[in-house]
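Notes to accompany the following structure.
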Amino acid sequence: AVQDFDKVVDSVCPFCGVGCQTKVAVKDNRIVQVDGRDGYANENRLCVKGRFGFDYAMSPERLTKPLIRRDDAPKAGDIDMRDVDPLTVFREATWEEALERAAGGLTSIMAAHGGQALAGFGSAKGSNEEAYLFQKLIRQGFGTNNIDHCTRLCHASSVAALMEGVGSGAVSAPFNDAMKAECIIVIGARPTTNHPVAATYFKQAAKLGKQLIVMDPRGQDLMRHATHSLKFKPGTDVAMLNALIHVIIEEQLYDEQYIQANVAGFEALKEKVKDFSPEAMADICRVPAETLRDVARTYAKAERSIIFWGMGISQHTHGTDNSRCLIALALITGQIGRPGTGLHPLRGQNNVQGASDAGLIPMYYPDYKSVENPDIRGTYENFWGQTLDPKTGLTVVEIIDAIHDDVIKGMYVMGENPAMSDPDQAHARGALARLEHLVVQDIFLTETAWHADVVLPASVHAEKLGTFTNTNRQVQIGRPALDLPGEARQDLDIIIDLAHRIGLDWNYGHVSEVYTEMAAVMPSLKHISWERVEREESVIYPADGPDQPGNEIIFSTSFPTADGRGRIVPADLLPPDEVPDEDYPLVLTTGRLLEHWHTGAMTRRAGVLDAIEPQGIASMNPREIGRRGLHQGEMIAIETRRGTVEAILRADREVADGMVFMPFCFNESPANMLTNPMLDPFGKIPEFKYCAARIVAP
Ligand code: SF4
């Protein structure tokens, strides 16, 4: 361990939604060590990303000067960015010129076509204050609700179901409550990979004798600790979950009293699941009927049961239906609103909860207040002194489609990388290249920034002061440990400067002023002042008073719905949008690796992490590899109806026969070239977890 630090700064991890509290040790303006703090979410623990993934912040690839695309530069789609000197495509510019160019391009489009021709992607890695100001700029400055971020690609369907079912998109209990539960269900999530510190609580709980039920079409590490492991057929979540509900109803394991007092829609659910007996569903979901009955009884009979889920549930064209089933399970058994019970979609990015809360979504102002409600809109119009767009805006994939349709002509993208994260990437990249004007604010020349007309060099997490909200609803303070490199600027300052240049009369002297304005319009942050977050480091919302601790458990007396009741919406069994056939006989599913975070923009520039996982891979079961005459380590080509991508073949017993798994972080093997952009009708989330594929000669 390095001993002679210049300083040690208390902050939070920049990667996943667990939001581990950290101590960042700095020497000569370089991070030299990161340790865990004794925070509520992590109790001194960190995973490999949090502990060793920090050097991306000091990468020589950091953007340090504003860039403007050269007039004679080729379109991004016509070049391979890995082979090109950026300065042949862009020229360095002063901030004055770059911001004038950025604002000028956006205002010209507004003048010619109206604000509806513009859109913005904000960031779930930025702070709450940045998210709040970014959505304010798009709504107040552009006059449109075409504002979204990567929640649309991760838990949008979960949030749609939760808003409909329990009136709030946030978790009902923290993940630490696994320790208080008797039964823990983890479905469609791989916490040891994607939320590793949260996974330590699940493993600990299992060691203490709790029932741990892990349901995942792929095998996973957590199954070694599980009492029940269900490797169900991909895409059959509703069949399996409705079978559990069927058993609970048939065997009268539901909580009649709780339903009478708190739940609407039980009769319709009863009717719907009549035909979903475990015996009828066993062949469909490939789980024995007796196992389904055992799981249903275990969950319903336990004094305290809690459900965690991830993108295996949400990233489907029936993602909202999948979540509706989980909500129904909790509501009919009364397994919600008490310690050790509840519903917890494990949130992805470190601030995806906060960015969504702050209104970085097209249908809601901060705190999920509908943009289509005239009273609420009137409040914001008075507050911001501006007539606002009365219609729900376009979502991430809809914005990409609207560019191809010549409806959207200009974009402001901050800290998002749609050229890697969006489905059907040829389509998404084609849209970015087609824009009349694209402004990208980021820390690296990402795959998206390569398409930009103006690139604005921004700040990493370790350079900024702000609040971040983790998956537990903990509002936490992140503090600056490093000076900004070169001419890079704080994201908040860039947003404010751009706002001034498109004519907004904003006046913020300090980030705390933005927080205070945001908290004033967000009931969830009542009693949680900036000073309190600074003082306490981490406060769970909602809190009942300035001196009261935040409520870890919500919905203990009622739900924040119109009538105070939870609402069951029964789900039908629908097939995935694109099922395997003779031409494309395999199922392609995508996800993450432990060492790399989302599109890899940060972790592929982190030395230790990239050394462990340095190249694009595709994983298949060794049996499947053998059957096809393939060999581990060879280059294969994976093809879908949208494209072909080459990757190194990895043998992985966790991948089921007939499946291929690809992480989406490798730009040399971009999995999202292959994925299906078809959307869930409610959450508008694409079907990343399932499409038809085949292996062809590379
Ligand atoms: Fe960071 Fe998440 Fe790992 Fe914690 S679990 S150290 S928040 S990546």
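No lab work stands behind these numbers, since they all come straight from the coordinates. Quantities reported herein were computed from a predicted structural model and do not represent experimental measurements. Counting neighbours? That spans all protein chains shown, and the Cβs are built from the backbone with ideal geometry, glycine included.
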note = Expressed in nanometres to one decimal, the distance between label points 7 Å along Cα→Cβ at Leu87 and Thr392 is 4.9
request  = Mind checking which of Met179, Val475, Leu388 is farthest towards the positive end of the chain's charge dipole, using Cβ charges of +1 (Lys, Arg) and -1 (Asp, Glu) about the Cα centre?
outcome  = Met179
key: Table column - 3J(HN,Hα) (Hz), segment 300-314, Karplus curve with 6.51, -1.76, 1.60, x for Gly and Pro   = 6, 7, 4, 4, 9, 10, 9, 10, 10, 9, x, 6, x, 7, 7
message = Can you compute the modelled spin-label distance between Asp406 and Asp583, with each label point 7 Å from Cα toward Cβ, in nm?
response = 3.0
remark   = With N residues in the chain, Rg(alpha-carbon) / (2.2 N^0.38 Å) equals 0.91
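For segment 633-698, run through the trypsin sites (Lys or Arg not before Pro) and keep only the ones in DSSP coil with at most 16 other Cβ atoms within 10 Å of their Cβ.
Numbers: sites: Arg641, Arg642, Arg650, Arg653, Lys684, Lys689, Arg694; in loops: Arg641, Arg642, Arg653, Lys684, Lys689.
Passing sites in segment 633-698 are Arg641, Arg653.
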log10 of Debye I(q)/I(0), alpha-carbon scatterers only, for segment 21-108 at 0.19 Å⁻¹ = -0.89
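Among Ser158, Ser59, which comes first, second and so on when ranked by fewest other beta-carbon atoms within 10 Å? Present the calculation step by step, with values, prior to reporting the outcome.
On the way: Ser158 33, Ser59 16.
Neighbour counts put them in this order, fewest first: Ser59, Ser158.
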task = Taking each pair of different alpha-carbon atoms in segment 118-204 once, compute 1/r for the pair, average those values, and report the inverse of that mean as the Kirkwood hydrodynamic radius in Å to one decimal.
result = 15.6
remark   = DSSP beta bridges in segment 543-694: the antiparallel percent, rounded to 5, is 60
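About the Cα centre of the chain, what is the dipole size in debye to 20, counting +1 per Lys and Arg Cβ and -1 per Asp and Glu Cβ, all else neutral? Provide the component values of the computation, followed by the final result.
Numbers: 69 positive and 94 negative charges, 292 e Å.
Dipole about the Cα centre, nearest 20: 1400 debye.
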request  = Add +1 for every Lys or Arg and -1 for every Asp or Glu among the other residues with Cβ under 9 Å from the Cβ of Gln353, and state the total.
outcome  = +1
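Which shape class, rounded, prolate or oblate, goes with segment 268-337 when its Cα gyration tensor gives a ≥ b ≥ c as root eigenvalues, a/c under 1.5 marks rounded, and past that a/b bigger than b/c marks prolate? List each step's numbers first, then the result.
On the way: a/c = 1.39, a/b = 1.06, b/c = 1.32.
Because its axes are fairly even, with a/c under 1.5, segment 268-337 counts as rounded.
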message = Please report the antiparallel percentage of the DSSP beta bridges confined to the chain, to the nearest 5.
response = 50
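Report, in deg cm²/dmol and to the nearest 500, the calculated mean residue ellipticity at 222 nm for the chain, where each DSSP H run with n ≥ 4 adds -39500 (n - 2.57) and the sum is divided by the residue count. Intermediate results must be reported in sequence, preceding the final value.
On the way: 24 runs with 214 residues, N = 698.
Helix contribution divided over all residues of the chain: -8500 deg cm²/dmol.
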remark   = Amide H neighbours of Leu230 at under 5 Å, excluding residues fewer than 5 places away on the same chain, with H built from the backbone geometry, are Val214, Met215, Asp216
ask   = Per 5 Å bin, what percent of the C-alpha pairs of segment 433-536 does each bin hold, from zero upward?
value = 2, 11, 16, 19, 18, 16, 11, 5, 1, 0
task = Between Asp71 and Glu668, take the C-beta separation as r, use R0 = 35 Å, and let me know the FRET efficiency to the nearest 0.05.
result = 0.75
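How big is the antiparallel share of DSSP beta bridges in segment 403-495, given as a percent to the nearest 5?
Values: 4 of 13 bridges.
In segment 403-495, approximately 30 percent of DSSP beta bridges are antiparallel ones.
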task = For Lys65, go through the lysines and keep the ones whose alpha-carbon is under 22 Å away, minus same-chain ones fewer than eight residues off.
result = Lys75, Lys125, Lys464
query = Using the Cα gyration tensor of segment 593-698, with a ≥ b ≥ c the square roots of its eigenvalues, what is the shape: rounded (a/c below 1.5), prolate (a/b larger than b/c) or oblate (neither)?
reply = oblate
inquiry  = Can you compute the modelled spin-label distance between Ala611 and Gln204, with each label point 7 Å from Cα toward Cβ, in nm?
reply    = 3.0
query = Taking θ as phi - 60°, what are the ³J(HN,Hα) couplings along segment 423-431 by the Karplus curve (6.51, -1.76, 1.60), each to the nearest whole Hz, with x for Gly and Pro?
reply = x, 6, 4, 4, 5, 5, 5, x, 5
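With 23 Å as the limit, write out which pairs from Lys180/Lys231; Lys49/Lys233; Lys7/Lys203; Lys233/Lys274 have Cα-Cα distances beyond it, or answer none.
Numbers: Lys180/Lys231 26 Å; Lys49/Lys233 31 Å; Lys7/Lys203 35 Å; Lys233/Lys274 21 Å.
Where the Cα-Cα span goes over 23 Å, the pairs concerned are Lys180/Lys231; Lys49/Lys233; Lys7/Lys203.
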query = Going by the alpha-carbon gyration tensor, a ≥ b ≥ c the square roots of its eigenvalues, is segment 518-663 rounded (a/c under 1.5) or, if a/c is not under 1.5, prolate (a/b greater than b/c) versus oblate?
reply = oblate
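Restricting attention to segment 641-698, which GluC sites (Glu not before Pro) occupy a DSSP loop and are surrounded by at most 15 other Cβ atoms within 10 Å? Present the calculation step by step, with values, prior to reporting the outcome.
Numbers: sites: Glu646, Glu654, Glu668, Glu687; in loops: Glu654, Glu668.
Those satisfying the criteria are Glu668.
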message = Give me the extension gain from Asn44 to Glu487: residue separation times 0.36 nm, minus the current Cα-Cα distance, reported in nm with one decimal.
response = 156.0 nm
